[in-house]
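A short worksheet on the structure shown next.
The values are calculated or read from the model by the stated rules, or taken from the named source; none is laboratory data. Fair warning: this is a prediction, and the values are worked out from it, not measured in the lab. FYI the Cβ positions are ideal-geometry reconstructions off the backbone, even for glycines, and counts take in every protein chain you see.
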Amino acid sequence: MNLVIGVTGGIGSGKTTATDRFQQLGITVVDADQAARVVVEPGQPALGAIAAHFGTGILQADGSLDRAALRHLVFSDPEHRQKLEQLTHPQINEEIRRQLGNSTSAYTVLSSPLLLETNQGKLCDEVILIDAPESAQLARAMARDHNDKAQIQRIMAAQMPRRDRRARADHLVDNSGSIEQLLLAIDKLHAQFLKRCAAF
Ligand code: ADP
């Protein structure tokens, strides 16, 4: 497999803006959130395992996943959440590996909000953290999602604290400035990675 660069960050940090830039530069971006959706589509093994464990009450009439019902179930009980993760994480990793294996770009980006929290980080050679002050995360996520402040704050509180993320990343991209500055930082990293690939 070629060089895999992980990109992570908290909600509103600028992760999507950064990975969109990599894509514009011709780099394949594998999205862990998208892989997580694929494995619970009808006919996929993870959906069968979820229904076998939690009951068919988490399915809609057409056999697809009732996300709201499942969310309700796992938010109310940490053990349920753990079980759901046990059932889905291996399949998500497998789907990510499959997509990474299909990439033909010079190197590949794996975008995941849970890169450092799960063993998805092990799929990466290096990890970039898109880092912004919490006040900026909050303001930007609120403007983007039209969500209320409390909702975004709840999500931020459930995510890994900023200082822990910063301690674990190989490359820190400061996104406290303008979008143009963020794009420039990504362009610089891209040039660095291309050089590394050429030296392989
Ligand atoms: P994430 O994917 O990490 O949740 P996004 O890349 O979607 O974050 O960024 C959140 C919002 O903030 C988006 O609307 C994006 O356009 C905006 N944004 C990102 N970086 C900046 C920046 N440096 N200055 C102002 N707005 C930004």
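Which numbered condition trips up S135, out of (1) within 16 Å of the ligand (Cβ to nearest atom); (2) touching a residue at least 40 places away in the same chain (Cβ under 8 Å)? Against the list (1) within 16 Å of the ligand (Cβ to nearest atom); (2) touching a residue at least 40 places away in the same chain (Cβ under 8 Å), S135 comes up short only on (2).
Residues that are closer than 13 Å to G12 by Cα number at least 2 in the following strands (runs of 3 or more DSSP E) confined to region 108-200: 126-131. You will find that of T8, T17, T104, the residue that is surrounded by fewer than 18 Cβ atoms within 10 Å (Cβ to Cβ), within 16 Å of the ligand (Cβ to nearest atom) and within 30 Å of H190 (Cβ to Cβ) is T17 and no other. For the condition more than 16 Å from the ligand (Cβ to nearest atom), loosely packed, with under 13 Cβ neighbours inside 10 Å, at pLDDT below 95 and among the polar types (S, T, N, Q), Q82 qualifies.
Suppose we filter region 138-179 for residues that are within 8 Å of the ligand (Cβ to nearest atom) and either of a type in the set (G, A, S) or under 22 Å from Q120 (Cβ atoms) (or both); how many remain? The qualifying residues number 6.
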